[in-house]
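The values are calculated or read from the model by the stated rules, or taken from the named source; none is laboratory data. No experiment lies behind these values; they were computed from the predicted model shown. In this analysis, Cβ positions are derived from the backbone assuming ideal geometry, glycine residues included, and neighbour counts consider all displayed protein chains. These accessible areas exclude ligands, DNA and RNA; they are computed on the full protein's heavy atoms, side chains included. Shrake-Rupley method; radii C 1.70, N 1.55, O 1.52, S 1.80 Å.
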Amino acid sequence: MSEIHIEIDNVNAYYNGNHALKNISVKIQKKQITAIIGPSGCGKSTLLKCMNRLIDLTDGVTYSGKILIDNEDIFARKTDIVNIRKKMGLLAQKPIPLPMSIYENIAYGPKIHGTKKKSDLDAIVEKYLKLVGLWEEVKGRLNSPASQLSLGQQQRLCLARGLAVEPEIILCDEPTSALDPVSSQHIEQQLLKLKKDYTIVIVTHNIHQAMRLADYVIHLYLGELVEHGLANEVFENPKEERTRAYINGIFSPDLKIDSEENLKGKMCPYNFVYAKQALHNLEDGKILKIIVDDPLAVTEVPRGMEADGHKVLIVKQINKKDWEIVIQK
Amino acid sequence: MELRRVEESIFKILMILSLVIVMGSLLGVIGTILLKGLPALNIDMLTKTAQGGYYLGKGGGILNAIIGSAYLAIGGTVLAFFLSIGIAFYLQKEYSGGTRLSNLTRLCLDILWGTPSIVYGAFGFTVLMFFHMRASLLAGIIVLALLELPIMTRAMEEVIKTVPQELKEVSYSLGATRLETTLSVVSKQALPGLLTGVLIAFGRGIGDAASILFTAGYTDRIPTSLFDATASLPLAIFFQLSSPLPQVQQKAYASAVILLMVILAISITTRLLSRKYNKYIIK
Ligand SMILES: Nc1ncnc2c1ncn2[C@@H]1O[C@H](COP(=O)(O)OP(=O)(O)O)[C@@H](O)[C@H]1O
Ligand SMILES: [Mg+2]
């Protein structure tokens, strides 16, 4: 019964030579929710942006491979990207309404795709605002600026706007990370409801959200595809150590830490040097936890450690500025 | 600790001082003009053209200059607008790709911006002479448009540049083309800023005398075609001020009051429009 909607085949992406996606191949099923999980900077957004080729808008980016949507290669030169994008709704990290009224935000897409009649547009606006549960809240002020809505309402408006162009796929990039818990829950419920009609790909670094929503999980780590599979299998019994560590790291941080090093305030590459020194003093198999606050370290230290043959178990943000990196020698 | 407090109070004093200088000079200018101009201002000045002998202290008004200035400044601004908006979009990275040509264009605009307006006037005059043409409304409009172009373009370019990338991505993700995105999303987000750019340029256009001195000419009649010469407010002020007769000189100040009012009215209208569209902007 399952049918493949998006087929990602050996995709590589580089930002000015920085290898952000490495040989990614995975298939995404129709009318399911697929979650892309992994720590910040692992390439989740990049993969998503490849799927609607918004990546084209970034300077200095190059990519290769194939992405087939309904068996049409969207990287192919002859592909009409406007048509591809029309097939996909996008829900971004923070709600970005268009600089127009609530009504025009929804009507914008249908209008550019040829719906001209006012009565048709009215019907579309009403239909999709109702679908996302926003109609009752805004029906009296359709002509007021969208920017005046609350963040949660704005995100639902953005969802409705994306749905109004009648896509088949909804791409979400951490759609609830800027929202309060109630609004987040609202969006999650919408997505579960929409699953019966749409293929949904959601990027999240919130494991719990992935567990609540996903049918299928893709775990990225430093640009590599670590593991992918049915959600319950991946979550209950991950095949890969790194997936286990990522899931566990968020659940129960009761890994046995043998040594801890606070490297806050140390810049790259000194934090890396200190971490190496600390590891040097440990026996093989022992575990070192470091705390860093240099954003560069979050991607560079794990990268360097892996290059040196150590195992990075956890990369986790513990508060606004600080990250925890757990390394096994 | 002490030093920091001293430092802070020095900066505070400097800030207040600059504020006083700015406000003071504005009030000084407006005050002088109003004091000297208001007594001489009468309804005739607004409703009558300069009939024979006006500059010798006889009756009449400067309606010809008011209307002439309106034609000149509106015409110049509209012309400059269409040129500027095109150039401003072209200068964006996604259109010109940040090429050497776009940098060269920017350099030219900056040089033009710094060029004194009399040079524009002289250039316009040379061109007119070359084609054996006389000073006219059309020539004045073209020269004013050139004068306004660099200001307007640079202001618009900066505004368009600040439109967030995410906003464009939203539009593209809905399947819009680059043109649709530009026309319906980028321009809406930039609208209040664009209006301000137009206003600044209009202000420079309507207040400039030197560029239109030789190109638009000066007459006592209201122009009826683009090829007629035309009077203008800045030149009316200039000619009245140069008169030896005190009552004519006073009328110069009255004309300045009128010019001030026009600029004020345009400013306020733009502000109001700007505020109206500002509500829609995504921050
Ligand atoms: N516009 C860009 N220019 C250069 N590098 C980028 C850009 N966007 C992302 N990257 C890099 O690509 C990698 C993957 O980023 P991204 O896909 O945004 O990760 P995620 O969404 O998982 O946090 C990171 O190392 C990031 O620094
Ligand atoms: Mg991201």
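Points to keep in mind about this one:
Yes/no per residue for (1) without any contact (Cβ under 8 Å) to a residue 40 or more places away in the chain; (2) open to solvent by 50 Å² or more (accessible area, probe 1.4 Å); (3) among the polar types (S, T, N, Q); (4) within 16 Å of ligand 2 (Cβ to nearest atom):
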residue	(1), (2), (3), (4)
A:N10	no, yes, yes, no
A:Y15	no, yes, no, yes
A:Q32	no, no, yes, no
A:P95	no, no, no, yes
A:G114	yes, no, no, no
A:S119	yes, yes, yes, no
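- Hits in the range A:73-102 (condition: more than 8 Å from every other protein chain (Cβ to nearest Cβ) and more than 21 Å from the chain's Cα centre (by Cα)): A:D73, A:A76, A:R77, A:K78, A:T79, A:D80, A:I81, A:I102
- Matching option when the condition is without any contact (Cβ under 8 Å) to a residue 12 or more places away in the chain and in contact with an Asp or Glu (Cβ under 7 Å, 6 or more places away or on another chain), among A:L57, A:L48: A:L57
- Criterion (in the same structural domain as B:G193 (by TED's automatic domain parsing) and within 30 Å of B:L245 (Cβ to Cβ)) met by exactly one of B:A88, B:A80, B:A65: B:A65
- Residue, nearest to ligand 2 (Cβ to nearest atom), within the range A:47-79, restricted to residues that are open to solvent by 50 Å² or more (accessible area, probe 1.4 Å) and farther than 25 Å from A:T204 by Cα: A:E72
Conditions (1) of a type in the set (S, T, N, Q); (2) more than 18 Å from the chain's Cα centre (by Cα); (3) open to solvent by less than 40 Å² (accessible area, probe 1.4 Å), marked per residue:
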{"site": "B:L149", "(1), (2), (3)": "no, no, yes"}
{"site": "B:V163", "(1), (2), (3)": "no, yes, yes"}
{"site": "B:S171", "(1), (2), (3)": "yes, yes, yes"}
{"site": "B:L174", "(1), (2), (3)": "no, yes, yes"}
{"site": "B:L179", "(1), (2), (3)": "no, yes, no"}
{"site": "B:V185", "(1), (2), (3)": "no, yes, yes"}
{"site": "B:K188", "(1), (2), (3)": "no, yes, no"}
{"site": "B:P192", "(1), (2), (3)": "no, no, yes"}
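- Taking the range A:1-95 as the region of interest, the strands (runs of 3 or more DSSP E) fully inside it that hold 2 or more residues being at pLDDT 90 or above, assigned by TED's automatic domain parsing to the domain that holds A:F235 and touching a His at 6+ places or on another chain (Cβ under 6 Å) are A:18-29.
- Summed over the range A:275-307, the residues that are open to solvent by 60 Å² or more (accessible area, probe 1.4 Å), over 21 Å from the mean Cα position of the chain (by Cα) and closer than 22 Å to A:S40 by Cβ give a count of 1.
- Close pairs (6 angstrom Cβ cut-off, 6 or more residues apart or separate chains): assigned to a strand (DSSP E or B) in the range A:289-317, among the small types (G, A, S) anywhere: A:I290/A:A275; A:L313/A:A245; A:I314/A:A245; A:I314/A:G249; A:K316/A:G249
- The range A:169-213: number of residues that are acidic (D, E), on the phi < 0 side of the Ramachandran plot and open to solvent by less than 60 Å² (accessible area, probe 1.4 Å): 2
- B:Y280 passes every criterion in (1) part of a helix (DSSP H, G or I); (2) within 14 Å of another protein chain (Cβ to nearest Cβ) apart from (1).
- From the list B:G121, B:G86, the one residue that fits, being at pLDDT 90 or above and either within 14 Å of another protein chain (Cβ to nearest Cβ) or closer than 30 Å to A:E104 by Cβ (or both), is B:G86.
- Candidates B:G68, B:G57, B:G52, filtered to the one that is under 27 Å from B:R221 (Cβ atoms), among the small types (G, A, S) and open to solvent by 50 Å² or more (accessible area, probe 1.4 Å): B:G52
- Test: residue in the range B:218-230 that is open to solvent by less than 10 Å² (accessible area, probe 1.4 Å), in contact with a Pro (Cβ under 6 Å, 6 or more places away or on another chain) and more than 19 Å from B:G37 (Cβ to Cβ): yes
- Applying the criterion of being of a type in the set (G, A, S) and within 15 Å of ligand 1 (Cβ to nearest atom) to the residues of the range A:43-87, the residue that is farthest from A:V312 (Cα to Cα) is A:G60.
- The one condition from (1) open to solvent by less than 30 Å² (accessible area, probe 1.4 Å); (2) more than 14 Å from every other protein chain (Cβ to nearest Cβ) that A:N232 does not meet is (1).
Residue-wise test of (1) within 16 Å of ligand 1 (Cβ to nearest atom); (2) within 14 Å of the chain's Cα centre (by Cα).
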{"position": "A:V11", "(1), (2)": "yes, no"}
{"position": "A:N18", "(1), (2)": "yes, no"}
{"position": "A:K30", "(1), (2)": "no, no"}
{"position": "A:I33", "(1), (2)": "no, yes"}
{"position": "A:G41", "(1), (2)": "yes, yes"}
